[in-house]
Amino acid sequence: MILDSGTGLRTIRDYLEIGHSYADYVKLGWGTSVVSHRLEEKIALYREFEIPVCIGGTLFEVAYAQQKFPEFLQRACDLGVQMVEISDGTIDLEESEKLRCIETAAAKLRVISEYGSKDEATVRAPHYWVSGMKNELGAGAWKVIAEGRESGTSGLYRGTSELRTGLVEEIVDSIPQEKILWEAPQKGQQAWFIKEFGNEVNLGNIALKDIIPLETLRLGLRGDTLLTFHSTSKGI
Amino acid sequence: MILDSGTGLRTIRDYLEIGHSYADYVKLGWGTSVVSHRLEEKIALYREFEIPVCIGGTLFEVAYAQQKFPEFLQRACDLGVQMVEISDGTIDLEESEKLRCIETAAAKLRVISEYGSKDEATVRAPHYWVSGMKNELGAGAWKVIAEGRESGTSGLYRGTSELRTGLVEEIVDSIPQEKILWEAPQKGQQAWFIKEFGNEVNLGNIALKDIIPLETLRLGLRGDTLLTFHSTSKGI
Amino acid sequence: MILDSGTGLRTIRDYLEIGHSYADYVKLGWGTSVVSHRLEEKIALYREFEIPVCIGGTLFEVAYAQQKFPEFLQRACDLGVQMVEISDGTIDLEESEKLRCIETAAAKLRVISEYGSKDEATVRAPHYWVSGMKNELGAGAWKVIAEGRESGTSGLYRGTSELRTGLVEEIVDSIPQEKILWEAPQKGQQAWFIKEFGNEVNLGNIALKDIIPLETLRLGLRGDTLLTFHSTSKGI
């Protein structure tokens with residue numbers, strides 16, 4: 001899942017022309033879709049490359065805090081996007097409320113929910129992650145995102161970008177791998193997940209400029225994963 | 001104030017098309033305007049989007065050190081830019097000399113002066129900043145920039161990017177906010193100024209790719225400032 | 001030497017239009033040339049700007065590990081690139097084998113060899129670097145690259161990006177400066193080499209967006225090198 005953090009149209013086309021087949025969907029990060037000019041053209045551009053578009057979860061949180069959740073959903077439908085993210089990375093949201101929002105949204109659009117706080121200092125115990133993720137999938141989320149931010153320094157990661165591996169282990173013990181999307185913006189983080197869970201692992205918050213570099217990691221065509229995959233890699 | 005650190009023309013157009021209304025002016029960083037091909041086209045491009053162009057202060061310092069200050073001013077006029085920056089971040093310049101240069105330049109162009117050293121290890125006491133900034137505004141500077149570099153690791157900031165908040169407090173006690181332009185290239189630095197001084201605060205050294213992300217911070221549409229602004233933000 | 005880490009065609013053209021005269025050659029990093037769509041167009045684009053293209057060394061290592069070294073060379077010839085990099089940054093390769101590969105490749109294409117490990121924890125003593133580099137030049141390498149990675153955190157550098165200056169000194173005592181290409185992706189690293197060895201020093205792993213900023217460092221038009229070169233710099 002690509003993260004579009006407010007990128008111009010030529011640059012998007014540029015990176016999709018050389019790597020579109022390696023991108024599955026794109027998230028219009030947080031509230032960027034509200035302030036970006038030419039939004040309809042941007043959505044049409046992703047459609048041209050057959051990449052479904054997701055509205056970022058922070059915008060859901062803003063709408064919810066303003067008691068405008070129905071308007072949020074309506075706007076997503078009007079824009080013609082295929083997905084919305086439901087998160088509580090910043091606002092306080094009762095679990096029952098979050099599940100109700102997921103259910104409501106899932107009746108209209110594909111929903112990705114996100115678990116984990118954007119606050120570096122806030123880390124809940126692994127069993128909360130597991131039960132939260134299970135419940136969100138049960139409420140209708142198509143996949144659940146494990147929070148990492150654009151920076152890779154909160155949620156799954158310590159402020160130093162170091163992965164909380166114990167947390168990851170507990171999650172994968174209880175949730176099917178294909179239902180999880182790991183936010184992993186940094187190369188070292190991406191390489192870790194690929195080496196640990198194989199080259200089909202779902203990774204998110206990938207910058208447009210990292211589409212090609214990430215694909216080389218998946219295929220063992222970069223130093224970081226060469227020794228893991230060289231016997232099976234696509235090679236030359 | 002956007003920082004153009006040597007960006008190509010399509011990329012500039014790309015980011016202005018989706019966010020030009022959030023940018024007030026652009027600085028052609030340090031001496032990039034000397035080595036960049038197609039400079040006239042670049043200046044015309046910013047003019048097309050009605051964004052005034054400023055020549056970076058390090059180029060003034062080079063010219064001054066070479067005793068070519070008049071040629072520097074003449075070249076800026078010939079290029080058709082609207083602004084020049086007068087700084088002493090690298091060279092030693094007597095205050096009286098700096099004020100004389102500001103006065104001379106202000107007779108021809110809009111002048112932004114810059115206070116603070118580019119050397120991470122050089123930090124003058126706050127009272128020097130305050131008196132220096134006052135004198136530079138008195139000599140004809142339209143606004144005064146508080147140094148932060150492209151990296152956000154000197155001047156206002158420690159080498160770790162941490163803001164010298166005591167310094168900032170002393171500055172705002174004595175200089176009107178609208179007369180100060182804070183260099184704040186990093187997201188955390190931008191969020192701090194917005195939360196502290198409101199979403200109209202003048203920020204500089206903003207990368208082109210950060211035009212949209214910064215606007216979301218100003219409007220409370222990103223996690224970092226959502227709780228500060230959600231009751232008033234533009235929302236959906 | 002520019003590092004193309006999987007960049008789109010418009011962006012490449014964009015940066016070459018404003019700075020092509022400051023770039024001598026470009027490396028298609030690691031295995032990016034295998035996964036990038038429109039590769040022939042990319043190579044043609046660099047040819048249009050008369051910038052020779054080099055296939056990255058990690059792809060050689062993948063091919064070697066798969067016993068496909070001849071196919072690697074043939075593919076490079078078929079693509080019409082001018083250069084290949086022979087390295088052993090990730091795989092184990094006997095010195096005699098590496099020298100044989102350099103010799104074989106040099107019969108068909110211009111060869112750049114690379115010395116140093118991509119593993120941050122692996123650092124051989126300086127005398128190994130010196131004898132290895134000498135032998136690689138003797139085997140037909142046109143120049144030899146001192147490893148730094150895209151990140152500037154291994155080979156020549158500690159994990160903190162700090163340069164191993166003792167290593168550099170021993171290398172330049174024995175190898176002619178014009179035969180060495182120092183990988184130096186970070187501004188501080190570039191400034192160090194320029195101040196130490198003059199503004200014609202060969203630097204590699206330069207991002208496209210850093211073509212103009214690096215040229216300003218070479219000419220003393222940026223704070224980091226202004227005081228070193230101001231009396232001789234191109235100026236305004």
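The values are calculated or read from the model by the stated rules, or taken from the named source; none is laboratory data. All figures in this text were calculated on a predicted structure; none of them were measured in a lab. When we count neighbours, we look across all protein chains shown, and the Cβ atoms used for this are built from the backbone with ideal geometry, even at glycine. The accessibility values were calculated without ligands, DNA or RNA, using every heavy atom of the protein model including side chains. Shrake-Rupley method; radii C 1.70, N 1.55, O 1.52, S 1.80 Å.
Residue C:63 meets the conditions (1) within 10 Å of another protein chain (Cβ to nearest Cβ); (2) open to solvent by less than 20 Å² (accessible area, probe 1.4 Å); (3) touching a residue at least 12 places away in the same chain (Cβ under 8 Å) in every case but one. The failed one is (3). Residues in the range C:173-193 that are more than 14 Å from residue C:157 (Cα to Cα) and more than 14 Å from every other protein chain (Cβ to nearest Cβ): C:173, C:174, C:175, C:176, C:177, C:178, C:179, C:180, C:181. Select, from A:57, A:8, A:31, the only residue that is within 7 Å of another protein chain (Cβ to nearest Cβ), touching a residue at least 24 places away in the same chain (Cβ under 8 Å) and crowded, with 24+ Cβ neighbours inside 10 Å. Within the list A:57, A:8, A:31, the selection yields A:31. Of all residues in the range A:43-52, at least one satisfies being within 15 Å of the chain's Cα centre (by Cα) and open to solvent by less than 20 Å² (accessible area, probe 1.4 Å).
For the range A:77-90, a tally of residues being among the aliphatic types (A, V, I, L, M) and within 11 Å of residue A:59 (Cα to Cα) returns 2. Residues in the range C:192-207 that are open to solvent by 10 Å² or more (accessible area, probe 1.4 Å), in contact with a strand residue (DSSP E or B) (Cβ under 7 Å, 6 or more places away or on another chain) and part of a helix (DSSP H, G or I): C:192 only. A count restricted to the range C:60-87 and to residues that are in a loop (DSSP other than H, G, I, E, B) and within 18 Å of the chain's Cα centre (by Cα) stands at 3. With respect to the conditions (1) under 16 Å from the mean Cα position of the chain (by Cα); (2) hydrophobic (A, V, I, L, M, F, W, C); (3) more than 23 Å from residue B:22 (Cβ to Cβ), residue B:142 lacks only one, and its number is (3). Within the range B:194-219, the set of residues being of a type in the set (Gly, Ala, Ser) and within 14 Å of chain A (Cβ to nearest Cβ) comprises B:207 only. The residues listed here are A:88, A:78; of these, the one that is under 29 Å from residue A:158 (Cα atoms) and of a type outside the set (S, T, N, Q) is A:88.
If you take the residues of the range C:132-169 that are open to solvent by less than 50 Å² (accessible area, probe 1.4 Å) and in a helix (DSSP H, G or I), which of them is nearest to residue C:202 (Cα to Cα)? Here the answer is C:168. If I filter the range A:100-131 down to residues being in contact with a strand residue (DSSP E or B) (Cβ under 7 Å, 6 or more places away or on another chain) and either assigned to a helix (DSSP H, G or I) or of a type in the set (Lys, Arg) (or both), which single residue comes out as surrounded by the fewest Cβ atoms within 10 Å (Cβ to Cβ)? Among those residues, the one meeting the criterion is A:110. Considering (1) within 14 Å of chain B (Cβ to nearest Cβ); (2) in contact with a Phe, Trp or Tyr (Cβ under 6 Å, 6 or more places away or on another chain), the lone condition that residue A:153 does not fulfil carries the number (2). Among the residues of the range A:11-59, the ones that are within 16 Å of residue A:211 (Cα to Cα) and assigned to a helix (DSSP H, G or I) come to 13 in all.
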